[in-house]
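As structure tokens, the structure follows; a few thoughts come after it.
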Amino acid sequence: MHFHLTEEQKAIQEAVRGTLADSWPIERIHAFADGDADFDRASWDALMALGLGGILLPDSGMGLLDAALACEVAGEAAAAGPLIGQLLAVAAAAASGRANLDALASGEAVATLVHGGSAFVPCARAADIFLVVDRAAGVRLVPAGDGVTIEAVRASDRTRPVSKVAFAEGAGAMLFAAADPITARLADAALVLCAADALGGAQKVTDMSVAYAKEREQFGQPVGRFQALKHQLAHMALDVEPARALVWYAAYAWDAELPDAPRAAAMAKAHLCDVYVRATRAAVAAHGGIGYTWEYGLNYWFRRALFDRAWLGSPSEHRARAADLASW
């Protein structure tokens, strides 16, 4: 395993970062959050034009680590759109041998992820396809309108609004049974990509806090010179940076099909989502009063952190699963 990113992997992140800087600035996030849509087509098309939808195709030459790097930058930008669901839907459809992948891989057809046992689904009103991944029931692809009932709800995360979704019995096509190893692998991949989103968001709010501490002045000097704030920022950095290796290893282990890949995925999801919540809370405190304002925008990452923590299972649930996988 390489312990640093390759030049190609760095290029992926820079391309995604630059695209989102142009197509998804804070002003666009404000406008989206104030509206009632659950999907932003312009920023989505800009991302898909980079070829992100095909990262997990068997002949792409890439893998889950590359997908995680893209999701990390999406989390950093608080990007709208069901990127995780899209990536996994392409992987699932390709593994099942379905012939028509073009619309999914290009992003023309939008796919969102449905976690088994949860009725709440991000970007459901815009989805053309629902990828239902349930460890106990298998993997299904359900086209929108095929026995699908959608009810919009007012949720915390304003960058990836959720709806309450119900499926008629037998809706969609069963791709893999619960006992099929691909079902477990897709569920684990979802955990790793969620952890990557959390990593990007945690790093973003840490960087925002450091930048603010250098710019904001009190008593004739930057507030970053005050010892208490120095310690707070140092704790944030020491919480976030070591967690990066956990995400990278979990993605690498999945790609290499290592025996501990399921446990690494569970630990990455559990730990990174806790780190994300801690980082956003600390960031709000580090910014003082402005951190609580709607206009400044920190709330988008705080709300996203709460969603990531709850989505796909809580940290305690995944820590318990990791302990079971380790035979503790």
Problem - Whichever lysines have a C-alpha closer than 18 Å to that of K214, once near sequence neighbours (fewer than 8 apart) are set aside - result: K204, K230
Completion exercise
Under a 1.4 Å probe, counting only protein heavy atoms, Y249 has an accessible area in Å², nearest 10, of 70
Problem - Accessible surface of the chain [probe 1.4 Å, protein heavy atoms]: carbon and sulfur percent - result: 56
Completion exercise
Scalar couplings 3J(HN,Hα) for region 140-155 by Karplus 6.51 cos²θ - 1.76 cosθ + 1.60 (θ = phi - 60°), nearest whole Hz, x for Gly and Pro, are 10, 10, 10, x, 4, x, 8, x, 9, 10, 10, 10, 5, 10, 8, 10
Handout entry: Cα-only radius of gyration and Dmax that characterise region 280-328, units Å
Key = 15.7, 48
Exercise for the section: Give, in nm to one decimal, the length gained when the segment between K214 and N100 is fully stretched (0.36 nm per residue of separation minus the Cα-Cα distance). Expected result: 35.9 nm
Problem - Debye log10 I(q)/I(0) at q = 0.18, 0.26 Å⁻¹ for region 51-120, Cα point scatterers - result: -0.68, -1.24
Problem - Average Cα contact separation per residue, region 44-119, under 8 Å, 6 or more apart, as relative contact order % - result: 38
Handout entry: Taking region 180-328 and dividing mean pair separation by its residue count, relative contact order in percent (alpha carbons under 8 Å, at least six apart)
Key = 32
Fill in the blank from the handout: Projected area averaged over all directions for the convex hull of the alpha carbon atoms of region 198-328, nm², comes out at 8.8
Practice task
Would you kindly give the portion of the calculated P(r) for the chain that falls above 33 Å, as a percent of all Cα pairs?
Solution key: 23
Handout entry: Efficiency of FRET between A177 and T293 - r from beta-carbon atoms, R0 56 angstrom, step 0.05
Key = 0.65
Handout entry: Surface accessible to a 1.4 Å probe, M62 within the full protein complex, Å²
Key = 80
Exercise for the section: In a Gaussian network model over the chain where Cα atoms closer than 10 Å are linked, find which of R278, R303, R98 has the largest mean-square fluctuation. Expected result: R98
Fill in the blank from the handout: the chain: relative contact order from alpha carbon pairs under 8 Å, six or more residues apart, as a whole percent, is 17
Exercise for the section: Can you pull the one-decimal nm distance between simple spin-label points at R135 and S327, each 7 Å off the Cα toward Cβ? Expected result: 1.9
Handout entry: Interchain or long-range residues, amide H under 5 Å from G138's placed H
Key = A178
Practice task
Can you grab the distance from the C-alpha centre of region 233-302 to the C-alpha centre of region 70-124, Å, no decimals?
Solution key: 21
Exercise for the section: With no solvent and one equal point scatterer placed on each C-alpha of region 1-83, evaluate the Debye formula and give log10 I(q)/I(0) for q = 0.12, 0.22 Å⁻¹, two decimals. Expected result: -0.37, -1.04
Completion exercise
With the 1.4 Å probe rolled over protein heavy atoms, the chain has an accessible area per residue in Å² of 43
Problem - Axial C-alpha extent at least 30 Å, average Kyte-Doolittle at least -1.0 - helices from the chain (DSSP) - result: 181-215, 227-256, 261-287
Fill in the blank from the handout: T6 and S60 label points (each 7 Å along its Cα→Cβ direction) are spaced in nm at 1.4
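The values are calculated or read from the model by the stated rules, or taken from the named source; none is laboratory data. Every value quoted in this text rests on a predicted model; they were computed, and no experiment measured them. Don't worry about glycine lacking a Cβ; one is built from the backbone with ideal geometry, like all the others, and counts go over all protein chains shown. Protein only, heavy atoms only, side chains kept; ligands, DNA and RNA dropped before computing areas. Shrake-Rupley method; radii C 1.70, N 1.55, O 1.52, S 1.80 Å.
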